[in-house]
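The values are calculated or read from the model by the stated rules, or taken from the named source; none is laboratory data. Everything numeric here is computed off the predicted structure, so don't read it as measured data. Cβ: placed from backbone, ideal geometry, glycine included. Neighbour counts: every protein chain shown. Accessible surface is based on the protein model in full, side chains and every heavy atom, while ligands, DNA and RNA are left aside. Shrake-Rupley method; radii C 1.70, N 1.55, O 1.52, S 1.80 Å.
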Amino acid sequence: MAVQSETMKPPRSEVGLLGWLKKNLFSTWYNVLLTIFSAAFIYIVLRAVITWVVRDARWAVVTTNLRVFMIGRYPRDEAGRVLVSLGIIVLMTALTWVFRKAKGKPRRWLVIGWLLSFPLITILLRGFSRESPFLPLVSEDIWSGLLLTLVLAIVGILASFPLGVLLALGRRSKLPIIKVLCTMYIETIRGVPLISVLFMSQLMLPLFLPPEIRLGTVMRALTGMALFSAAYTAENVRGGLASIPIGQYEAARAVGLNEALVMGLIVLPQALRAVIPAIVGQFISLFKDTTLVVIVGLLDLLGIAKAVTAQKEFIGLHKEAYAFTAVIFFICCFTMSYTSRRLEQRLGVGER
Amino acid sequence: MQNENLNPTEDIIICRDVHKWFGDFHVLQGVNVTIKRGEVVVVCGPSGGGKSTFIRTINRLEEHQRGDIIVDGIELTSDLRNIHAIQREIGMVFQSFNLFPHLKVIDNVTLAPFWVRKWSKVEAVKVGMELLERVGIPEQADKYPGQLSGGQQQRVAIARALAMQPKIMLFDEPTSALDPEMIKEVLDVMVELARSGMTMIVVTHEMGFAKEVANRIIFFSDGNIVEQNTTEEFFLNPREARTKLFLSQILTH
Ligand SMILES: Nc1ncnc2c1ncn2[C@@H]1O[C@H](COP(=O)(O)OP(=O)(O)O)[C@@H](O)[C@H]1O
Ligand SMILES: [Mg+2]
């Protein structure tokens, strides 16, 4: 048997480029038809797109305004601070990639590095006070463009994730008050559109907060987005929690773990792993939803595209500006879903 | 077995008139039993009789609603400190293994000693590897539970329970979910453990195991102990009709 399968070659028609083409594209008459139609369709669309991109489009609207697209009204003289921040993120990402298989010390340093880089970048971007000679204040309310989009998305994700996990745990709590409050919160938020949450956070937050705390528009928008996204994260996490068999809780308690350790070491790691795809999907939609801040007067990447095409010299160049914006959004979202797929593979989701 | 001189701690588990209800269903109907240090007790009886519920009340996976349970001098009340103290002293092995699938075998074993007993990582791993040797699978330490056979998984589960150095081990049908060819490897580990002087309560229908190491057999049915006796007497002279019927059923196949 073994000898035979080693010496016998597969039939000629199954191998090579021609074999593949025949098997996959021209196997039956309707497959042949489908192939021809698809090819014609792709040809027409691609030709139109390429002609427009290389011949008709006037990319000057993008190239002249590149800085505006990226950082908007962030002062030109301080733009270096954004570059340094970007540098920090690129460096940390590269280090994370290099040490992705490492354990122990290097790993701990990576975590510390990431934890430090966030406050560092905040200080860099925002600066100290208006009079400060070193890193003068650039209020977040004038951040705009891709910078604002990224800040809204990243901070929104980072803030909503732990909040969502807490809400999910609260919804399963044995204490009735906590359970009811969390359930009410989640269901209320999920029952209203993001736009209204954004409006409400602009109008209502100042009423709830003590007068000493004055939040700017961006902070209020961020709070709204995080509160909104947390409710969805909570529902995803709840699905993950429900998928953990009772036997896991029992085994964990039987070896002597207390409630917190049962959750932190046994249940949550498995539950979160199970819902990575759903949560990343949620984050991708949060990222795209940042475009809605236009309605509270902020200029994110999409807002900038609109503003730029209102300039006299670029009037009527919407197509170019929006196409550019779309490409950036696509790159960001694709990166997220690609990273999540790699993460799933590494953590072995669905292997069990 | 090992501890013949009388002293007040000789009775390591005392159950007095233990009752439990699931809703209106009276699962445990006043169970009375004491178990001595070093004793190996086999619990058998028809399915649904409450055997699992009974041993799970001993380490508080189920709460009893009336009566007293005293384990190694500590009474099981709703006091969380007592509950954790008792859970630390009792190891449990489940029918369906319940290993932690996201952790490597060695991490399954060292988790509780590290986090609960506060041993150093090095110490926990050293003891963990010794235990994996004892159950015969040191070479599987770096695999995940999903990569192991059922018999191997159950042996890891035994090592995991032993890692907390418990005074008592509970087994709830540890071989019922295993393919026949793997039952022996698990029973061998349990026989060795019994001979080492561990106090064990084993719910099982493996009568060969019972005859080999059990000091006492408890026949459990309809929420209470119907009959209990030393191993020889239990098989030679069963007194109750229900016991005789049960024995005839399991001994014929
Ligand atoms: N969590 C539960 N809720 C309600 N009924 C239960 C629960 N666990 C067990 N029971 C019932 O209690 C009875 C005893 O179950 P169990 O202790 O598992 O018996 P055994 O282990 O002897 O087969 C069964 O009728 C079972 O259906
Ligand atoms: Mg049972």
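Look at the dipole of the protein assembly as shown built from charges on Cβ: of A:PHE41, A:TYR185, B:GLN87, the Cα furthest out on the positive end belongs to A:PHE41.
Can you tell me how chain A classifies by the Cα gyration tensor, rounded, prolate or oblate, using a/c under 1.5 as the rounded cut?
Because a/c hits 1.5 or more and a/b fails to exceed b/c, chain A counts as oblate.
Between A:GLU187 and A:LEU135, the simple spin-label model (points 7 angstrom out along Cα→Cβ) gives 4.6 nm.
Want the number for B:THR34 to B:ARG81: 0.36 nm per residue separation, take away the alpha-carbon distance, what's left?
So the extension gain works out to 14.6 nm.
Using only the Cα atoms, what convex hull volume per residue in Å³ does segment A:79-138 have?
Taking only Cα atoms, segment A:79-138 has a hull volume of 65 Å³ per residue.
With kT/(6 pi eta Rh) evaluated at 25 °C and eta = 0.890 mPa s, and Rh the Kirkwood radius from Cα pairs, segment A:140-347 diffuses with a coefficient of 129 µm²/s according to Stokes-Einstein. Between A:ILE195 and B:LYS143, the C-beta separation translates, for a Förster distance of 30 Å, into a calculated FRET efficiency of about 0.05. For segment A:91-123 versus segment B:72-122, the inter-centroid distance based on Cα atoms is 33 Å.
Our estimate of slack between A:THR217 and A:TYR322, defined as 0.36 nm per intervening residue step minus the Cα-Cα distance, is 35.3 nm. Springs join every pair of Cα atoms under 10 Å in this Gaussian network model of chain A, and among A:VAL155, A:VAL275, A:VAL53 the largest mean-square fluctuation is at A:VAL53. Only the Cβ atoms of Lys and Arg (+1) and of Asp and Glu (-1) were treated as charged; on that basis the dipole of the protein assembly as shown about its Cα centre amounts to roughly 2540 debye. The residues of segment B:63-101 listed by number as losing at least 40 Å² of accessible area in the complex, against the isolated chain and with a 1.4 Å probe, are B:HIS84, B:GLN87, B:ASN98, B:PHE100, B:PRO101. The distance separating the Cα centre of segment A:290-352 from that of segment B:210-253 comes to 72 Å. Based on C-alpha pairs under 8 angstrom that are at least 6 apart in sequence, chain A has a relative contact order of 19 percent. Length gained on full extension, A:LEU18 to A:MET92: 22.0 nm, using 0.36 nm per residue less the C-alpha separation. Dipole magnitude for segment A:79-138: computed about the Cα centre from +1 point charges on Lys and Arg Cβ and -1 point charges on Asp and Glu Cβ, it is near 440 debye. Shape annotation for the protein assembly as shown: C-alpha extents along the principal axes are 105, 79, 48 Å, from largest to smallest. The modelled label-to-label distance between A:VAL84 and A:VAL49, using points 7 Å beyond Cα along the C-beta direction, is 4.0 nm. Dipole magnitude for chain A: about 780 debye, using +1 per Lys or Arg Cβ and -1 per Asp or Glu Cβ, origin at the Cα centre. Seen through its C-alpha gyration tensor, with square-root eigenvalues sorted a ≥ b ≥ c, segment B:180-253 comes out prolate because a/c lies at 1.5 or above while a/b is bigger than b/c.
The sum of -39500 (n - 2.57) across all DSSP H runs of n ≥ 4, divided by the residue count of the protein assembly as shown, sets its helix-only mean residue ellipticity at 222 nm to -18000 deg cm²/dmol. Taking every protein chain into account, the accessible area of the protein assembly as shown amounts to 53 square angstrom per residue (probe 1.4 Å). Computed over the Cα atoms of chain B, the ratio of the radius of gyration to the Kirkwood radius (Rg/Rh) comes to 0.96.
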